[in-house]
Amino acid sequence: DILLHALPIYHIHGLFVAFNICLFSGAKINFLEKFELETVIEKLPKSTVMMGVPTYYTRMLQSQNLNHSLTKNIRLFISGSAPLLSETHKEFESKTGHKILERYGMTETNMNISNPYDGSRKAGTVGIPLPGIEIRIVNEEGKEVKVGQIGTIELKGENIFKGYWGMEEKTKESFKDDGFFITGDLAKKDENGYFTIVGRDKDMIISGGLNVYPKEIEDVINELPNITESAVFGVQHDDFGEAVVAAVVTTDDKNDGSQILDYTKDKIAKYKQPKKIIFMSNLPRNSMGKVQKNKLRENNKSLFKS
């Protein structure tokens, strides 16, 4: 095998999954510094495997050169780190003849669930549990839900980490008494045992396959003297999976968002920077005073739809 590697190696997908598997198996690597569409298209005929995030595949679909002939030497396309839209899966198959193999893992666990190499790869699902991994979906009371119902994924296996470094309390909160790890990811299982990831019970954003923690961005935005408060949340985006959006309350009526975007450029990584700034007179809050990000997501769900 020759792996076309464009993933960042500071992320578990690029380092532990992609790079280390090549070292373990003795495969060769076409190692790219970053994902650039023209370079990836150029390297595809000289590769046999590609691992990517959904953003890579949506961008590849924009190329006029993507077709059956270009990908004839590829044995396997893999997607992970964020949910792959079923529409992307189907369009990619139509253009290349390849069914992307989608799977599900975490930094804390590595790989947990995967569509089969030999077998049905279902668009919109991450597949079935890998050997040796126990998985259950539970409701808020901790009871397993029925087939088709949404709940939180809990899992157990030798792949699970021991805990968070120097964070005993967080580690304790993350495990059940019977050893199952609470992932915080929401999913449902169909009658054939295939899992579909539907969201997260926390406010973390996954943009381009990379984790974005809202508070880090909010803290930077709130440093500006004319910002009263801010709330950062994710909105569905065809290219990035989720795009970072910031809702802000400001004392400056003339603020058009450019000042905020300019300020964040040197403070946070590019993939964490907001794609849109929304101005509000007040942030929606519940009776406890907590910002209701679910309402922000719902009210702006069509923000990036054409």
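The values are calculated or read from the model by the stated rules, or taken from the named source; none is laboratory data. Note that the coordinates shown come from a computational prediction; the quantities given were computed from them, not determined experimentally. Here Cβ is always computed from backbone atoms with ideal geometry, including for glycine, and neighbour counts include all displayed protein chains. Side chains are part of the model used for accessible areas, which takes the heavy atoms of the whole protein and leaves out ligands, DNA and RNA. Shrake-Rupley method; radii C 1.70, N 1.55, O 1.52, S 1.80 Å.
Of the residues that make up segment 35-44, is at least one within 30 Å of Lys156 (Cα to Cα), β-branched (Val, Ile, Thr) and in a helix (DSSP H, G or I)? No, the conditions are met nowhere in segment 35-44.
Of the helices (runs of 4 or more DSSP H) entirely within segment 196-306, those holding at least 2 residues that are over 26 Å from Thr107 (Cβ atoms) and more than 23 Å from the chain's Cα centre (by Cα) occupy 258-265.
Of all residues in segment 195-229, those being hydroxyl-bearing (Ser, Thr, Tyr) and either surrounded by fewer than 19 Cβ atoms within 10 Å (Cβ to Cβ) or out of contact with any strand residue (DSSP E or B) (no Cβ under 6 Å at 6 or more places or on another chain) (or both) number 2. The residues of segment 3-31 that are part of a helix (DSSP H, G or I) and open to solvent by less than 30 Å² (accessible area, probe 1.4 Å), listed by number, are Ile12, His13, Gly14, Val17, Ala18, Cys22.
Residue by residue through segment 139-166, note down the ones that are open to solvent by less than 30 Å² (accessible area, probe 1.4 Å) and in a strand (DSSP E or B). Gly151, Thr152, Ile153, Glu154, Leu155, listed by residue number. Within segment 247-297, the set of residues being open to solvent by 90 Å² or more (accessible area, probe 1.4 Å) and among the β-branched types (Val, Ile, Thr) comprises Thr251 only. Leu44 meets each of the listed conditions (1) in contact (Cβ under 8 Å) with a residue 12 or more places away in the chain; (2) loosely packed, with under 14 Cβ neighbours inside 10 Å; (3) among the hydrophobic types (A, V, I, L, M, F, W, C) apart from (2). Would you confirm whether or not segment 165-183 contains a residue that is at pLDDT below 95 and touching a Lys or Arg at 6+ places or on another chain (Cβ under 9 Å)? Within segment 165-183, not a single residue is at pLDDT below 95 and touching a Lys or Arg at 6+ places or on another chain (Cβ under 9 Å). Looking at segment 82-100, is at least one residue in contact with a strand residue (DSSP E or B) (Cβ under 7 Å, 6 or more places away or on another chain), modelled with pLDDT of 95 or more and open to solvent by 20 Å² or more (accessible area, probe 1.4 Å)? Yes: segment 82-100 contains one or more residues that are in contact with a strand residue (DSSP E or B) (Cβ under 7 Å, 6 or more places away or on another chain), modelled with pLDDT of 95 or more and open to solvent by 20 Å² or more (accessible area, probe 1.4 Å). In segment 50-58, is there at least one residue being in contact (Cβ under 8 Å) with a residue 40 or more places away in the chain, among the hydroxyl-bearing types (Ser, Thr, Tyr) and out of contact with any helix residue (DSSP H, G or I) (no Cβ under 8 Å at 6 or more places or on another chain)? Looking through segment 50-58, at least one residue is in contact (Cβ under 8 Å) with a residue 40 or more places away in the chain, among the hydroxyl-bearing types (Ser, Thr, Tyr) and out of contact with any helix residue (DSSP H, G or I) (no Cβ under 8 Å at 6 or more places or on another chain). Annotation: of all residues in segment 62-81 being open to solvent by 20 Å² or more (accessible area, probe 1.4 Å) and under 24 Å from Glu242 (Cβ atoms), the one that is nearest to the chain's Cα centre (by Cα) is Ser81.
The set of residues in segment 230-246 being over 18 Å from Arg200 (Cα atoms) and either in contact with a Leu (Cβ under 6 Å, 6 or more places away or on another chain) or open to solvent by less than 20 Å² (accessible area, probe 1.4 Å) (or both) consists of Ser230, Ala246.
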